[in-house]
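The values are calculated or read from the model by the stated rules, or taken from the named source; none is laboratory data. The structure displayed is predicted, hence computed values, not measured ones. Neighbour counts are summed over all protein chains in view; Cβ atoms, including those assigned to glycine, are modelled from backbone coordinates with ideal geometry.
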Ligand code: BES
Ligand code: MN
Ligand code: MN
């Protein structure tokens, strides 16, 4: 029996996840290149152990892609599982209570980089598939693709997808790389935001200057950059770039009312973040601001002297990294172009500016009345005893929109993380409850999806 198999192998599942987490597969930093590859090999070998066929490593110009499949009957539906084995850098290390690549359990949670994003989450799928195969409970075909460049924009996955339409052919894509509202209030995300990411450089004088000799007579690029950035949002939290909101699809009142059903405690939110008040676009709730509305945020800013002590210098240059989260129907190229044109237009004659685009991604939404969404909803209901609430997510998984465009396949975002898991931050964690509950929920998705897809009828829980 499936449930017995899960119980009997609980500890081994966790031990294996710990071995995976111990491999520091940081995709952004070339010093971890060999570790990234080792993580890929580990995933390939575990897919093979789980009983999948043709588990392989596919080299790209960047980090390798892992692929495996189990075709039980070509006439049955096929689920394509996607995830990423790469992780964000663990810096700053000194803010971790225990080392980021030595998983540690405290308060029933696994603390480590990648515990939730996305090692803990995609590994649930490998274990759920192992259990289904071992107990004769896999009702349809499955393909698994785990990549190593999600955290750096999936630069090489797009070409692979375009060149391998047949290999990746499937009926639905299943992804666990998002969050639920809470362990008491399960939810399924029906959308992701897109991303436009730029780096700007403001140059004033042709060299660093003595701030006494020249100060007062020459514009300071740091001051200028701060003013320019400050002007990108007005007092109502609206982004001032001309045309920025033009493509944005406004939700209907009914859709907004539906989303507003998700429980949210503003005081708790403020207390958790240690902030005196929230801030965002006037006329929208915090939940709306962080999901269905676009954003503009400085992610980093630098220039001048930041070392110990004081150095009197009027710097030649100042820079910043800026992200814009996008919603339907904004596109990364258009928004980047609007940003660049506006940023250049507001620069005073005392400086020159350069705008360098980084990676981007399209926003994604999926209807909540599809059989795929219904299957995810029923899976949660069966495992959690509660119907999940549909939500719109604020994060981005750039490849999801490309899957739809290139493969014509919709993705189901069946994530099990919590916002409190501190993704990308020090002390990232993942609840043991979520890890095990996820493994339990996934087979129900296969059951309900296969029934709905092949007979058009739902099966009982
Ligand atoms: N898993 C996250 C995205 C996410 C987190 C979606 C929580 C919904 C809820 C993913 O790994 C991620 O961090 N994506 C990046 C994309 C970027 C690096 C191109 C992001 O959103 O910043
Ligand atoms: Mn992720
Ligand atoms: Mn991430």
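Of the strands (runs of 3 or more DSSP E) lying entirely inside segment 381-461, the ones with 2 or more residues being within 16 Å of ligand 3 (Cβ to nearest atom) and closer than 22 Å to residue 14 by Cα are found at 429-431.
List every residue pair whose Cβ atoms lie under 6 Å apart, where the two residues are 6 or more positions apart in sequence or sit on different chains, the first residue falls within segment 382-398 and is more than 16 Å from residue 192 (Cα to Cα), and the second residue, located anywhere, is away from ligand 1 (no atom under 15 Å from the Cβ). Pairs that qualify, where the first residue is more than 16 Å from residue 192 (Cα to Cα) and the partner is away from ligand 1 (no atom under 15 Å from the Cβ), are 382/444; 382/461; 383/440; 383/441; 383/444; 387/381; 388/377; 388/380.
Among the residues examined, residue 257 does not qualify as away from ligand 2 (no atom under 16 Å from the Cβ), under 23 Å from residue 366 (Cα atoms) and either surrounded by 12 or more Cβ atoms within 10 Å (Cβ to Cβ) or under 21 Å from the mean Cα position of the chain (by Cα) (or both). Within the set 55, 39, the sole residue that is in contact (Cβ under 8 Å) with a residue 60 or more places away in the chain and touching a helix residue (DSSP H, G or I) at 6+ places or on another chain (Cβ under 9 Å) turns out to be 39. Can you say whether residue 109 is away from ligand 2 (no atom under 16 Å from the Cβ), surrounded by 14 or more Cβ atoms within 10 Å (Cβ to Cβ) and touching a residue at least 12 places away in the same chain (Cβ under 8 Å), as far as the supplied structure shows? The answer is yes for residue 109.
At least 1 residues being in contact with a helix residue (DSSP H, G or I) (Cβ under 8 Å, 6 or more places away or on another chain) and within 15 Å of ligand 3 (Cβ to nearest atom) is the threshold, and among the strands (runs of 3 or more DSSP E) wholly inside segment 108-198 those reaching it are 141-147, 172-175.
Checking segment 427-438 against the condition returns no match, with no residue being surrounded by fewer than 24 Cβ atoms within 10 Å (Cβ to Cβ) and over 30 Å from residue 104 (Cα atoms).
Residue-level analysis places residue 79 outside the set of residues that are within 16 Å of ligand 2 (Cβ to nearest atom) and at negative phi.
Okay, residues lined up against (1) more than 28 Å from residue 169 (Cβ to Cβ); (2) within 16 Å of ligand 2 (Cβ to nearest atom); (3) surrounded by 22 or more Cβ atoms within 10 Å (Cβ to Cβ):
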position: 413; (1), (2), (3): no, yes, yes
position: 424; (1), (2), (3): yes, yes, no
position: 451; (1), (2), (3): no, no, no
position: 454; (1), (2), (3): no, no, no
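Looking across segment 399-411 at every residue that is more than 16 Å from ligand 2 (Cβ to nearest atom) and in contact with a strand residue (DSSP E or B) (Cβ under 9 Å, 6 or more places away or on another chain), the one that is nearest to residue 197 (Cα to Cα) is identified as 404. Residues in segment 211-225 that are surrounded by 11 or more Cβ atoms within 10 Å (Cβ to Cβ) and without any contact (Cβ under 8 Å) to a residue 12 or more places away in the chain: 213, 223. Among the residues of segment 345-358, the one identified as touching a strand residue (DSSP E or B) at 6+ places or on another chain (Cβ under 6 Å) and either in a helix (DSSP H, G or I) or at pLDDT below 95 (or both) is 358.
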